[in-house]
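The structure under discussion appears below in the form of structure tokens.
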Amino acid sequence: MGYDAGNVIANMFFAWCHGDATIQDEVKKADFSGWVLDTIEEIVDKFIAKFKAVFKENITDIMAKTEGFLEWYFGTVLAERIVITLAKDYIMNRTSFKCGADYRKAIEKAVAKIN
């Protein structure tokens with residue numbers, strides 16, 4: 001489930017990147033980029049609210065009923081550390097990503113930073 005939500009968010013991020021790179025008119029670019037960011041925020045917030053409601057209503061596992069489990073779980077589902085580290089590197093250094101080896105190096109760097 002978290003994987004699916006992550007895919008939706010990633011695709012929205014790709015749309016943002018595409019708009020940022022291809023929309024020449026600054027007003028249209030700002031409008032589109034703002035819409036994408038608003039949509040990402042809305043998707044995440046709705047996912048959290050709906051997931052928590054369904055989780056609380058249907059959970060049967062004794063460990064999952066432990067206080068703090070749901071917050072811990074969300075920390076791992078919505079904020080996968082390697083992906084965030086990689087995304088930050090890409091966003092901050094996007095002009096340095098010129099070939100597949102650059103992406104590989106960034107992935108390896110992100111994994112090493114987490115481990």
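Does any residue of the stretch 17-32 turn out to be touching a Gly at 6+ places or on another chain (Cβ under 8 Å), charged (D, E, K, R), in a helix (DSSP H, G or I) and at pLDDT 75 or above? The answer is yes, given that some residue of the stretch 17-32 is touching a Gly at 6+ places or on another chain (Cβ under 8 Å), charged (D, E, K, R), in a helix (DSSP H, G or I) and at pLDDT 75 or above.
Looking only at the stretch 41-56, decide whether some residue is surrounded by 13 or more Cβ atoms within 10 Å (Cβ to Cβ), assigned to a helix (DSSP H, G or I), in contact with a Lys or Arg (Cβ under 8 Å, 6 or more places away or on another chain) and not small (Gly, Ala, Ser). Within the stretch 41-56, not a single residue is surrounded by 13 or more Cβ atoms within 10 Å (Cβ to Cβ), assigned to a helix (DSSP H, G or I), in contact with a Lys or Arg (Cβ under 8 Å, 6 or more places away or on another chain) and not small (Gly, Ala, Ser).
Number of residues in the stretch 57-79 that are in a helix (DSSP H, G or I) and modelled with pLDDT under 90: the value is 8. Set side by side, the residues ILE82, ILE91 differ, and just one is in a helix (DSSP H, G or I), under 14 Å from ALA110 (Cα atoms), of a type in the set (Val, Ile, Thr) and at pLDDT 75 or above, which is ILE91.
If I ask for residues that are under 30 Å from PHE74 (Cβ atoms) and either in contact (Cβ under 8 Å) with a residue 60 or more places away in the chain or surrounded by 15 or more Cβ atoms within 10 Å (Cβ to Cβ) (or both), which ones from the stretch 18-27 would you list? Residue satisfying the conditions is GLY19 alone.
Return the residues of the stretch 1-17 that are more than 18 Å from TRP72 (Cβ to Cβ) and surrounded by 14 or more Cβ atoms within 10 Å (Cβ to Cβ); say none if nothing qualifies. Those that are more than 18 Å from TRP72 (Cβ to Cβ) and surrounded by 14 or more Cβ atoms within 10 Å (Cβ to Cβ): VAL8, ILE9, MET12, PHE13, ALA15, TRP16, CYS17.
The values are calculated or read from the model by the stated rules, or taken from the named source; none is laboratory data. Bear in mind the structure is a predicted one, so any value in this text is a computation, not a measurement. For neighbour counting, all protein chains shown are included, and Cβ atoms are generated from backbone atoms with ideal geometry for every residue, glycine included.
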